[in-house]
Amino acid sequence: MSRTKIAGVLALLGLAAYLLMSSLYAVSEVEQVIITQFGRPVGAPVTTAGLKLKVPFVQEVNPIDKRILEWDGSPTDMPTKDKLYVSVDLFARWRIMDPLQYFLRLRDERSAQSRLDDILGSETRNAVAKHELIEIVRTTKDRAPLRDALLADTGSGLGALVPIQKGRKLVEQEIFAAASQKVRVFGIELLDIRFKRINYNESVRPKIYDRMISERRQIAERFLSEGNGEAARIRGNRVRDLNKIQSEAYREVEGIRGVADAKATEIYAKVYNQSPEAAEFYQFTRTMQSYKSVIAANTTVILSTDSDLFKFLKGMGLPGPQP
């Protein structure tokens with residue numbers, strides 16, 4: 001065989017191999033395939049894994065993921081029914097249910113994510129606008145709040161939970177029911193949707209913090225008022241008890257003093273009645289005691305001739321004052 005024939009055979013074999021390779025394609029376990037011919041889908045979607053055949057050069061393979069996919073929305077500011085602006089962050093899980101419809105309407109995952117942004121964002125905004133903030137935050141109606149023991153017996157409404165009608169789970173179900181119908185036309189099945197984070201808008205957050213501080217100050221002032229009242233009561237009881245003790249002590253002292261005075265008077269009376277000399281001596285001692293308390297070291301005393309002191313001094317033989 002000549003070299004020309006050998007080269008021709010090799011060329012034919014190479015072309016056949018190239019055509020065979022262009023006709024074969026592999027489908028993974030995590031994907032499904034749409035075959036297009038001149039840009040239009042042909043045949044049914046290929047959903048089983050394995051090695052498949054297609055028309056070379058004319059048909060094109062378009063893989064589509066069949067796993068559960070994630071949609072993570074960006075935080076968006078929106079108003080609630082009670083006119084509070086909150087930042088809502090949402091996430092969802094979805095998958096491609098009808099690959100042909102998905103390919104015709106969206107083509108790729110990027111377009112699907114953009115359409116989910118529009119639909120889920122719109123439905124979330126509608127649901128949040130129809131409910132108060134407490135309905136979006138709370139989950140159960142019969143939740144018992146944890147309250148400080150100091151606040152339990154006050155009878156005030158501090159720490160009490162506002163009653164709710166639905167709760168966050170039912171609001172999520174409303175968003176899911178409304179959005180799943182709209183995404184179904186794109187061949188998408190919405191599996192789940194959840195609130196990831198709900199926070200106050202930056203513009204109203206300082207006002208909320210100020211209100212929280214004001215509430216805590218009210219609690220502190222009430223405790224301070226109760227403490228001052230209790231302190232005043234304790235001080236009043238202390239003064240009352242002290243006055244009572246002093247009164248009882250004074251009464252007891254006066255009683256003892258009265259008994260002592262009576263005893264002293266009795267003794268003085270007995271001594272005074274013994275003899276005239278005893279009575280005179282008693283009068284002398286009492287007079288000296290009175291002058292002792294009246295006359296100091298530098299006191300000048302002017303006595304009359306008929307005064308008792310003058311008589312005593314004269315009776316002692318001392319030089320008395322000159323008349």
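The values are calculated or read from the model by the stated rules, or taken from the named source; none is laboratory data. Fair warning: this is a prediction, and the values are worked out from it, not measured in the lab. Virtual Cβ from ideal backbone geometry, glycine too; neighbours counted across all protein chains shown. Just the protein is used for accessible areas: all its heavy atoms, side chains included, with ligands, DNA and RNA removed. Shrake-Rupley method; radii C 1.70, N 1.55, O 1.52, S 1.80 Å.
Amide H to amide H, with H built 1.01 Å from N, residue 81 comes under 5 Å of 131, 132, 133, counting only residues 5 or more places away or on other chains. Based on protein heavy atoms only, region 232-289 ends up with 86 Å² per residue of surface accessible to a 1.4 Å probe. For the chain, hydrophobic long helices are taken as DSSP H runs at least 15 Å long by C-alpha position along their axis with mean Kyte-Doolittle hydropathy of 0.0 or more; these are 3-23. The label-point distance for residue 281 and residue 225, in a model that sets each label 7 Å from Cα toward Cβ, rounds to 7.7 nm.
The magnitude of the dipole of the chain, with charges of +1 and -1 set on the Cβ of Lys/Arg and Asp/Glu and taken from the Cα centre, is near 1200 debye. Atom-type composition of the exposed protein surface of the chain places 56 percent of the accessible area on carbon and sulfur (1.4 angstrom probe).
Per-residue ellipticity at 222 nm from helix content only, as computed over the chain with -39500 (n - 2.57) for each DSSP H run of at least four residues, stands at -18000 deg cm²/dmol. Compared with the direct C-alpha span, the chain from residue 265 to residue 10 gains 76.1 nm at full extension, assuming 0.36 nm per residue.
Taking 23 Å as the cut-off for C-alpha to C-alpha distance, list the pairs among 54/182; 83/196; 263/311 that go past it. In this structure, 54/182; 263/311 exceed 23 Å between Cα atoms.
Paramagnetic label reach from residue 122 (point 7 Å along Cα→Cβ; backbone nitrogen cut-off under 18 Å): within region 179-198, residues 179-190. Estimated at 0.36 nm per residue, the fully extended path between residue 301 and residue 38 surpasses their Cα-Cα distance by 80.0 nm. Segment residue 29..residue 252, full-extension length gain: 69.7 nm, with 0.36 nm per residue of separation and the alpha-carbon distance subtracted.
Placing a label point 7 Å from the Cα of residue 115 along the Cα-to-Cβ direction, the residues of region 169-195 whose backbone N falls under 20 Å of that point are 175-193. Listed options for Cα extents along the principal axes in Å are (i) 96, 47, 40; (ii) 88, 42, 32; (iii) 185, 54, 34. The value calculated from this structure is the one marked (iii).
Averaged per residue, region 15-110 has 60 square angstrom of accessible surface, using a 1.4 angstrom probe with ligands and nucleic acids left out. For region 1-130, the dipole from Cβ point charges (+1 on Lys and Arg, -1 on Asp and Glu) about the Cα centre works out to 600 debye, to the nearest 20. Would you look at the GNM of the chain, springs on alpha carbons closer than 10 Å, and say which of 300, 48, 80 moves the most? Residue with maximal mean-square fluctuation among 300, 48, 80: 300.
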